1. For A:Tyr71, are the conditions met, namely being more than 10 Å from chain B (Cβ to nearest Cβ) and aromatic (Phe, Trp, Tyr)?
2. Are any residues in the stretch A:25-61 outside any strand (DSSP E or B) and more than 12 Å from B:Gln157 (Cβ to Cβ), and if so, which ones?
3. In this structure, is B:Gly151 surrounded by 16 or more Cβ atoms within 10 Å (Cβ to Cβ) and closer than 27 Å to B:Gln228 by Cβ?
4. Taking A:Glu198, is it at pLDDT 80 or above and either surrounded by 16 or more Cβ atoms within 10 Å (Cβ to Cβ) or under 30 Å from B:Arg177 (Cα atoms) (or both)?
5. Name the one entry in A:Phe238, A:Phe242 that is in a strand (DSSP E or B), touching a Gly at 6+ places or on another chain (Cβ under 7 Å) and modelled with pLDDT of 80 or more.
6. Condition check: closer than 30 Å to A:Tyr211 by Cα and either more than 12 Å from every other protein chain (Cβ to nearest Cβ) or not in a loop (DSSP other than H, G, I, E, B) (or both). Does B:Ile193 satisfy that?
7. For the stretch A:26-41, which positions are surrounded by fewer than 23 Cβ atoms within 10 Å (Cβ to Cβ) and either aromatic (Phe, Trp, Tyr) or out of contact with any Ser or Thr (no Cβ under 8 Å at 6 or more places or on another chain) (or both)?
8. Considering each residue of the stretch A:144-163, count those that are of a type in the set (Ser, Thr, Tyr) and either touching a helix residue (DSSP H, G or I) at 6+ places or on another chain (Cβ under 6 Å) or within 23 Å of A:Phe119 (Cα to Cα) (or both), and give that number.
Amino acid sequence: MRHLILLLALLICVCDYPPEEYEQEPNVYCLLTPQEDTVYALVGLSAGFDDTLKNTSRWNGVSGASVKIGYLSLREIPDSAGHYLSDSLSIMPSDTFHLEIRYPDARIVKGHTVIPDSFAFVSILIDTIIRPENDTVRIVISWSRSNNARGYLVLAEIYYAGPSGIYFWQVQYLSDSTIDSLKLPLKIMAPDTLDLVETNLQIWALDENYYDYCEFRDRGYETDPTPYMHLEGGLGVFGSYFKIKRRVL
Amino acid sequence: MMMKFPIFMFQQWTTADQRHEPVRTIHYTIGCEKLLSSNVEVSAEAYYKDMDNLLETEMPFAMLVDDETESDSLLLRTGTGWASGFELLLKRNSSWIGYAFAVTKRNFADVSFYPIFDARHNFNIAWAVPLGHNWSFNLQWIYRSGFPYTGPIGRYQFVWTDASGEKFYEWRYVNGRRGGFRYPAYHRLDVGIEKGFRLFGMRFSSYLQVVNAYARKNVLWYDYRFDQEPPKREPYSILPIPIPSLGLRAIF
């Protein structure tokens, strides 16, 4: 009988997981563009679910990491409390850049990105107000293709004048189309009580890494981030983009 | 890096189609019963079940949230599983004590996990006492160890930039191992009193039953308050108060 009880106790104990411990993971954000010489790399750590953080609106940075970014050879960029900054990188379209970060605890994060090519607006057509959706302006945009782009991020900055000053509104749309010319209807709300002052359009050609990172933002909390991150050894993004901008209204 | 898996709070059922083989199960069971006296019996049973061609959707709630999703376009994956355990029962008239030990495991996409209905221990005691003059008193106590769930174990910063170039640091969550956590044990006591009588030549009984007599707050799920620092985990319960019911039963 004693042996049976022992056997049952053992069976009961082995049929469950031990408590799961979470180890902080490397967390990285670094975007490159040929349009800017300055490169910021945010290097930080994730946190445990129950950890109390002092300031959640700031980057949870890590000092003392070795951050190297380069095209053919990697160059180390200096550190400032988790914000690593370089203003001497020469970034050209179609180049493949590599990132290697060695954390103070010797963990290594690696990634690479292919810089999207330059591109341009082909046409911007302002449609008439659509009925019955009053006060909705439709803009049809087309642009040339950017080589190496996985997709495009279209941002509309809309400024309204109201009784208390200027209001800012932003509309964004992620397009996964990779054909040569794209046309995108974009609806912009223009409420009766506000006057539309100015609308600017931005189109970002995104490499695969940054595109997937942006796509992940709209996914639910149950989504596994790993397939969207493209970083070896950490969470975050090492990506690139090329941006064009024009005032349309 | 930790493995991360989607949260599956509910089991989703869907119809299988011609692309998938039907579920195949081989069930082994052995048991014995013994009458200890004219009204007392004891039984024991052990089982093992092997399951093949089990299906689950890759995305939780795919059919529930997307009206345009049709069952034949759902991304289903095939897995295997097994279940094993034993059950003991001691019964005397209308009263009994039962205990069941059960383990079940699933394997999908090379990930082995305890599914959301894997209750390890089930204990059930039912006691019915005749009080005389056609009155009777009954109580039932149910105990079940907690179901598994997948919960967050960590968080990381997701950075996004608006049109003006301003950066925002949004905290997003890292889920732990699938089914790696367990809810607290579920238990409740139901009590009742019943009076039998005859009317128009038929047998009737009226009863008063109280479900969850000691107002146990059994946790159905956790709601996470990510807007607090540190984030809070708030339990949600169903029927956290005693629920009385009054009824009349006709026996034909």
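The values are calculated or read from the model by the stated rules, or taken from the named source; none is laboratory data. Note that the structure is predicted; figures quoted are calculated from it, not measured. Reconstructed Cβ throughout: ideal geometry from the backbone, glycine too, with neighbour counts over all protein chains shown.
1. Yes: the conditions hold for A:Tyr71.
2. Hits for the stretch A:25-61 are A:Thr33, A:Pro34, A:Gln35, A:Glu36, A:Asp37, A:Thr38, A:Phe49, A:Asp50, A:Asp51, A:Thr52, A:Lys54.
3. So B:Gly151 fits the description; yes.
4. Taking the combined requirement at face value, the residue does not satisfy it.
5. Every option except A:Phe238 fails the conditions.
6. The answer is no for B:Ile193.
7. A:Gln35, A:Glu36, A:Tyr40
8. Summing the residues that are of a type in the set (Ser, Thr, Tyr) and either touching a helix residue (DSSP H, G or I) at 6+ places or on another chain (Cβ under 6 Å) or within 23 Å of A:Phe119 (Cα to Cα) (or both) in the stretch A:144-163 gives 3.
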